[in-house]
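Asker: Got a structure here, written out as structure tokens. Questions coming.
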Amino acid sequence: MKRITIALAMTAVGVAIGLIVFGFGINTGGAEGTRGSTDNSYMDTATYVGSSSCSGCHSDEHTAWAGSLHSKMIQDPLPTTVIGDFTLDPILNDTTNNVPDVTIDLNYDGGTGEYTATMDGTSFLVDQTVGSAWKQRYLTQIGGSLYFLPIQWNVETNEWVAYHLERWFDTGGSLITQPSDLSSSWNRNCAGCHTTGLDMTFDGGTGEWQGTWTEFNIGCESCHGPGSDHMGNTDYIWLSVDAQICGQCHIRGTSNGTMGGETLGYPWSATQGNYMPGDTLAEFYTPGEGLWADGNTSKKHHQQYRDWLTSGHSMDAPSYAQNAGCMSCRSTEGFIAQLEGETITDVGNLTWQQTCASCHTTHDTTNEHQLRLPEDQLCGECHTVGDSSVGRTPHHAQQEFIDGYINVTGLSGTPWMNGDVTCVDCHMPETAKSAVAYDISSHTFRFIGPEEKTLYGLPNACTDGCHDGVNGFLMTDAQTEASLHDNEANIEHLMEQAHTNMTLAEEAIIEAFDLAFTDTIIEQAQDLLEHANYTHHFVEAGIGTSHNPSFAEDLLLYANDKANEAIALLQPDTMTGTLVDYNQDPIPNAQIRIDDTTWDTTDSNGDFDIAIAPGSHTFSVWVGGEELGDFTATSPSSGQTYTIGEAPPEPPAETDNLWLYLIIIIIVIVVVIAGVGVALSRRGGALPPEEELGEPSEPLEETETE
């Protein structure tokens with residue numbers, strides 16, 4: 001049940017982040033502090049001038065804004081703006097509050113241009129329309145405040161439904177005197193986010209919340225602040241990608257301050273008034289309920305900011321990633337600059353989060369939901385390895401996994417679900433209700449699976465989003481969960497297997513240097529291991545357990561094969577044998593070396609056993625610090641005997657001695673003859689006849705010298 005544990009952990013982290021942000025007033029991106037201590041202090045005296053005043057200098061932006069939903073939240077009731085069918089007289093009820101069937105008579109008078117709703121004989125004029133994309137509601141003026149009529153037109157289903165019918169009818173189906181509850185007025189609950197330049201007051205005499213505003217809708221100054229000081233001075237305008245600016249309305253809760261003894265439904269402080277861009281939102285607003293039982297995911301609409309606070313996108317980038325190389329995906333300004341082809345040279349003041357402005361434009365309506373790119377392209381701008389290849393560590397390869405692509409020769413895959421499934425389908429399932437259940441996407445960016453549905457009742461991305469028998473083939477929650485677990489278990493097993501073999505390959509490469517493998521062989525093994533490492537990391541970076549698991553399986557099998565090839569390439573052979581001397585006696589305790597490395601020492605029988613790279617190797621043999629000789633052997637081999645050293649020279653044979661004697665005799669004779677010759681030459685005469693005949697001569701007489 002690992003996925004349950006992870007989901008619960010992520011939920012806890014998300015809730016903790018939300019509590020920190022709101023409980024302690026931490027600012028989430030953009031300017032810090034409140035008015036009076038930061039650059040937005042000029043807003044204390046600046047006044048609102050209306051969006052039309054911006055069009056002269058900012059015509060492109062104004063034109064784009066005019067086409068957005070922000071400019072159309074509140075509209076005058078006209079045939080071009082009213083989308084509900086006023087030719088119908090819907091019969092509505094509210095079983096939750098025991099309101100029986102009641103008939104609402106709807107009418108449009110083409111002569112006067114008025115739309116009316118008649119209930120129990122009393123007619124109410126439609127003064128303004130509210131909304132147009134998911135639903136449309138209708139405001140009527142009663143006294144000094146505006147109130148919602150009890151009807152709502154749902155765009156998706158093209159039908160009228162009840163909206164707080166209990167505020168208008170009792171349990172007997174009779175109309176209640178209006179307004180039945182002054183605190184339910186649109187002024188108190190909604191005006192702060194549906195107007196620009198609001199000034200709300202409470203009339204103690206009538207008990208009404210009455211207000212004035214510069215214009216209906218979310219105008220330029222809702223995000224940029226009051227613009228009077230900006231007219232003719234470009235310094236006095238608020239330009240920021242701070243998520244709090246969006247969060248002032250895309251959240252559900254109550255004001256921190258009270259007016260008329262009640263909180264307001266939008267950010268407001270008793271000491272500072274309305275929230276303005278650059279303020280710290282937590283000082284003006286406290287988030288309320290409207291979440292699923294997980295305490296993390298929105299169940300009611302306009303809570304995107306609260307969702308975002310629990311997501312990884314809201315977390316500050318780690319310090320090591322706050323640089324020019326990472327800014328395009330770690331900072332909002334950097335991401336926008338990359339898309340628009342701009343250059344940022346100073347990264348010191350960037351917002352190191354991915355705020356609302358990363359994905360949504362503030363003006364352009366080219367793409368649905370004012371996205372900067374189509375939804376099937378946007379996430380892939382950051383969740384991609386880019387030009388990463390073997391030799392580098394891949395990061396966030398989710399887009400490549402969905403596409404079934406990796407930059408490795410000979411490897412390819414098939415797009416996940418044939419390309420029909422996008423990031424949004426799984427990570428932004430529709431969990432909140434605006435008009436019908438469920439039509440608003442979650443902005444926690446968490447994958448919500450069948451387990452969360454079982455635990456918390458959450459609509460999930462699998463069986464509620466795709467495998468419902470309508471959008472995709474039908475699967476039950478149990479079948480889907482089993483499939484997810486099987487994929488996860490299989491991928492994790494393959495990852496562990498590949499990791500084990502990669503570790504063995506790495507160890508083999510380290511040992512290869514000591515096993516006399518050639519540089520060429522070692523480099524081949526290193527290349528194989530690099531390919532294995534890259535594909536293994538690629539699966540981790542792409543979270544392959546859920547993003548295209550069949551592709552992940554192929555990559556991990558490839559990684560495993562490459563690791564095994566490296567191991568096989570560096571498998572040493574065994575060389576055994578015996579060292580003997582010239583008498584064929586074993587040489588014990590002999591060190592067998594290559595250079596200064598001792599590979600083995602012979603035992604008492606002169607035997608050795610060496611693991612070494614295949615091939616021919618020459619070893620030197622040392623005993624007691626003296627080199628006896630060397631020998632050459634080829635691996636693998638076994639049982640060979642190697643003779644070390646040479647035998648001493650043998651004594652010469654007897655025939656050799658005879659020749660020696662003859663040579664000596666000849667030398668003696670020659671010496672004697674030479675001596676005789678010398679003696680005769682001294683006497684100066686010839687030999688006597690008898691000497692010539694070889695007869696013995698008399699001894700020479702000594703010559704007297706006296």
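The values are calculated or read from the model by the stated rules, or taken from the named source; none is laboratory data. Not measured: the values here are computed from a predicted model. Backbone-built Cβ (ideal geometry, glycine too); neighbour counts: all protein chains shown. Side chains included, ligands, DNA and RNA excluded: accessible areas come from the protein's heavy atoms. Shrake-Rupley method; radii C 1.70, N 1.55, O 1.52, S 1.80 Å.
Asker: Checking the condition under 24 Å from His531 (Cα atoms), open to solvent by less than 80 Å² (accessible area, probe 1.4 Å) and either free of Cβ contacts under 8 Å to residues at least 40 places away in the same chain or of a type in the set (A, V, I, L, M) (or both), which residue from Ile510, Ile491 passes? If you could, list the steps in order and put the result at the bottom.
Answerer: On the way: Ile510 fails: open to solvent by less than 80 Å² (accessible area, probe 1.4 Å).
Only one candidate passes the filter, namely Ile491.
Asker: Could you check how many residues of the stretch 148-188 are under 45 Å from the mean Cα position of the chain (by Cα), more than 20 Å from Gly265 (Cβ to Cβ) and not aliphatic (A, V, I, L, M)?
Answerer: Residues that pass the stated criteria total 7.
Asker: Have a look at Trp213, Trp209, Trp186 and point out the one that is among the aromatic types (Phe, Trp, Tyr) and more than 30 Å from Leu92 (Cα to Cα). Write out each step before concluding.
Answerer: Values: Trp209 fails: more than 30 Å from Leu92 (Cα to Cα); Trp186 fails: more than 30 Å from Leu92 (Cα to Cα).
After ruling out the rest, the residue left standing is Trp213.
Table: residues versus (1) under 30 Å from Pro572 (Cα atoms); (2) modelled with pLDDT under 90; (3) assigned to a loop (DSSP other than H, G, I, E, B); (4) not small (Gly, Ala, Ser).
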position: Trp622; (1), (2), (3), (4): yes, no, no, yes
position: Gly629; (1), (2), (3), (4): yes, no, no, no
position: Pro649; (1), (2), (3), (4): no, yes, yes, yes
position: Ile666; (1), (2), (3), (4): no, yes, no, yes
position: Ile669; (1), (2), (3), (4): no, yes, no, yes
position: Val672; (1), (2), (3), (4): no, yes, no, yes
position: Ala686; (1), (2), (3), (4): no, yes, yes, no
position: Glu698; (1), (2), (3), (4): no, yes, yes, yes
position: Glu706; (1), (2), (3), (4): no, yes, yes, yes
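Asker: Any residue that is more than 30 Å from Asn418 (Cα to Cα), open to solvent by 60 Å² or more (accessible area, probe 1.4 Å) and in contact with a Phe, Trp or Tyr (Cβ under 8 Å, 6 or more places away or on another chain) - is there at least one of those in the stretch 383-400? Break it down stepwise before answering.
Answerer: Residues of the stretch 383-400 more than 30 Å from Asn418 (Cα to Cα): none.
The answer is no, given that none of the residues of the stretch 383-400 is more than 30 Å from Asn418 (Cα to Cα), open to solvent by 60 Å² or more (accessible area, probe 1.4 Å) and in contact with a Phe, Trp or Tyr (Cβ under 8 Å, 6 or more places away or on another chain).
Asker: Further question: Answer yes if at least one residue in the stretch 175-191 is on the phi > 0 side of the Ramachandran plot, open to solvent by 20 Å² or more (accessible area, probe 1.4 Å) and touching a helix residue (DSSP H, G or I) at 6+ places or on another chain (Cβ under 9 Å), and no otherwise. Lay out the reasoning, then the answer.
Answerer: Pass one, the stretch 175-191, residues on the phi > 0 side of the Ramachandran plot: none.
No, every residue in the stretch 175-191 fails to be on the phi > 0 side of the Ramachandran plot, open to solvent by 20 Å² or more (accessible area, probe 1.4 Å) and touching a helix residue (DSSP H, G or I) at 6+ places or on another chain (Cβ under 9 Å).
Asker: Here is a follow-up. For the stretch 534-558, give me each residue that is not in a helix (DSSP H, G or I) and not polar (S, T, N, Q). Full working, then the answer.
Answerer: To start, the set of residues in the stretch 534-558 that are not in a helix (DSSP H, G or I) comprises 542-548.
Gly542, Ile543, Gly544, His547, listed by residue number.
Asker: Identify the single condition in (1) assigned to a strand (DSSP E or B); (2) open to solvent by less than 40 Å² (accessible area, probe 1.4 Å); (3) within 18 Å of Ala282 (Cα to Cα); (4) of a type outside the set (Lys, Arg) that Gly211 does not satisfy, given that it satisfies every other one.
Answerer: Going through (1) assigned to a strand (DSSP E or B); (2) open to solvent by less than 40 Å² (accessible area, probe 1.4 Å); (3) within 18 Å of Ala282 (Cα to Cα); (4) of a type outside the set (Lys, Arg) one by one, Gly211 breaks only (3).
Asker: In addition: Would you check which residues across the stretch 585-602 are of a type in the set (S, T, N, Q) and over 15 Å from Phe631 (Cα atoms) and list them? Reasoning before the result, please.
Answerer: Start the filter on the stretch 585-602 by keeping residues that are of a type in the set (S, T, N, Q), which leaves 589, 591, 597-598, 601-602.
Listed by number, the residues that qualify are Asn589, Thr597.
Asker: Here's something else I'd like to know. Which number in (1) out of contact with any strand residue (DSSP E or B) (no Cβ under 6 Å at 6 or more places or on another chain); (2) within 28 Å of Asp316 (Cα to Cα) marks the one condition that Ser222 misses?
Answerer: (1)
Asker: Sort through Leu125, Leu146 and tell me the only one that's of a type outside the set (Lys, Arg) and buried (at least 19 other Cβ atoms within 10 Å of the Cβ). Give the derivation first.
Answerer: Values: Leu125 fails: buried (at least 19 other Cβ atoms within 10 Å of the Cβ).
After ruling out the rest, the residue left standing is Leu146.
Asker: I want to confirm something. Restricting to the stretch 538-563 and keeping residues that are among the aromatic types (Phe, Trp, Tyr) and more than 10 Å from Ala397 (Cβ to Cβ), which single residue is surrounded by the fewest Cβ atoms within 10 Å (Cβ to Cβ)? Before the answer, list the steps.
Answerer: Taking the stretch 538-563 as the starting set, the residues that turn out to be among the aromatic types (Phe, Trp, Tyr) are 538, 551, 558.
From the residues that got through so far, the ones that are more than 10 Å from Ala397 (Cβ to Cβ) too are 551, 558.
Working: Phe551: 26, Tyr558: 21.
Out of the qualifying residues, it is Tyr558.
Asker: So, in the stretch 229-266, of the ones that are open to solvent by less than 60 Å² (accessible area, probe 1.4 Å) and acidic (Asp, Glu), which residue ends up farthest from Ser314 (Cα to Cα)?
Answerer: Asp229
Asker: How many residues does the stretch 282-324 contain that are more than 29 Å from the chain's Cα centre (by Cα) and in a helix (DSSP H, G or I)?
Answerer: Number of matching residues: 2.
Asker: When you scan the stretch 413-445, how many residues do you find that are open to solvent by less than 60 Å² (accessible area, probe 1.4 Å) and under 23 Å from the mean Cα position of the chain (by Cα)?
Answerer: Applying the first criterion (open to solvent by less than 60 Å² (accessible area, probe 1.4 Å)) to the stretch 413-445 yields 413, 415, 419, 421-429, 431-432, 434-436, 439-445.
If we keep only those that are under 23 Å from the mean Cα position of the chain (by Cα) as well, we get 413, 415, 419, 421-429, 441-445.
Number of matching residues: 17.
Asker: Return the pair list, or none, for Cβ contacts closer than 9 Å from residues in the stretch 407-431 that are without any contact (Cβ under 8 Å) to a residue 24 or more places away in the chain to residues that are among the polar types (S, T, N, Q), at least 6 apart or on different chains.
Answerer: Taking only residues 6 or more apart or on different chains, the pairs are Asn407/Ser388; Asn407/Ser389; Met417/Asn548; Met428/Ser441; Met428/Ser442; Met428/Thr444.
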